[in-house]
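Remarks on the structure that follows.
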Amino acid sequence: MSLYNQVTGTQQFIDAAEDDRGGLGEFNAAFGNSAEAFLGNRTPGRDGKIQANWKDRLFGHSTDELTEEYYKKRESDIVNDKEIGKYLLDSGNTIDVTDKDSKLLSDAGKYVKAEKARSTLALQGYVVPSKFKTEEQILTEGSRLKKEDPYGAQGTAQYNRGRQQQQDNLQLLQFQNQSADRTAQRRLDNRRMDLQESRDARKGQREMMMMIMAGLKNIGQGFY
């Protein structure tokens, strides 16, 4: 959709000037002396119009024609303003051509703040419906959603991942403890085997010594 369709109010000034077209004004416009050229940098008075002076009338340009040219130019300026144009494009809102720049810039700033709040909540897992427009409305709804669900969509996922990580860490710790227990048991078993082998070796040595002593005793008795 063209941004010009989002700026309302211009047509009323075009319609008001319709009866003044043609004649001397149109003739002079052909030579570069159009109502637009005569408008210059003038702005509307308190009545919202560009009042035609004697020179304007001399060249056939009326108050309504000058006012029409002003608001047609303003419409173009609004659409091509970087900040206001982006506001119109992003929000899809409509504005009136008679709105002051201060109001339009304020509305644009409020919209940016509101959408920033909406995006921040979205990153936390809370989706605020588009029916909530202002920053205050969005933050209020976000607060309500947080009370209903302390974790939010994304927060719940983070919580679940945290719980899973804790379980994984616990399983790893249990595995490490079991491995350490097995290692300790193997060392104990090996120690027992070493002790048993030492006892067996000493027993064998004693038995061997007893056999030797018995043999020597028998030999000694043979000499008597």
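Conditions tested, residue by residue: (1) without any contact (Cβ under 8 Å) to a residue 12 or more places away in the chain; (2) more than 30 Å from Tyr151 (Cα to Cα); (3) in contact with a Pro (Cβ under 8 Å, 6 or more places away or on another chain).
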site	(1), (2), (3)
Asp47	yes, yes, no
Lys55	no, yes, no
Glu65	no, yes, no
Glu68	no, yes, no
Glu83	no, yes, no
Leu88	no, yes, no
Asn93	no, yes, no
Thr120	yes, no, no
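The set of residues in region 1-53 that are assigned to a helix (DSSP H, G or I), under 30 Å from Asn93 (Cα atoms), in contact with a helix residue (DSSP H, G or I) (Cβ under 7 Å, 6 or more places away or on another chain) and not aliphatic (A, V, I, L, M) comprises Tyr4, Gln6, Thr10, Phe13, Glu36.
Test Ser143 against the stated conditions and say whether it is surrounded by fewer than 10 Cβ atoms within 10 Å (Cβ to Cβ) and either modelled with pLDDT of 80 or more or closer than 30 Å to Val112 by Cα (or both).
Details: surrounded by fewer than 10 Cβ atoms within 10 Å (Cβ to Cβ): no; either modelled with pLDDT of 80 or more or closer than 30 Å to Val112 by Cα (or both): yes.
The answer is no for Ser143.
Using the structure shown, decide if Ser91 is farther than 28 Å from Pro44 by Cβ, over 15 Å from the mean Cα position of the chain (by Cα) and surrounded by fewer than 18 Cβ atoms within 10 Å (Cβ to Cβ). Considered against the rule, which asks whether it is farther than 28 Å from Pro44 by Cβ, over 15 Å from the mean Cα position of the chain (by Cα) and surrounded by fewer than 18 Cβ atoms within 10 Å (Cβ to Cβ), Ser91 comes out as no.
In region 17-64, the residue that is farthest from the chain's Cα centre (by Cα) out of those that are among the hydrophobic types (A, V, I, L, M, F, W, C) and surrounded by 18 or more Cβ atoms within 10 Å (Cβ to Cβ) is Phe59.
The values are calculated or read from the model by the stated rules, or taken from the named source; none is laboratory data. Keep in mind the model is a prediction, meaning the values are calculated, not measured. Cβ: placed from backbone, ideal geometry, glycine included. Neighbour counts: every protein chain shown.
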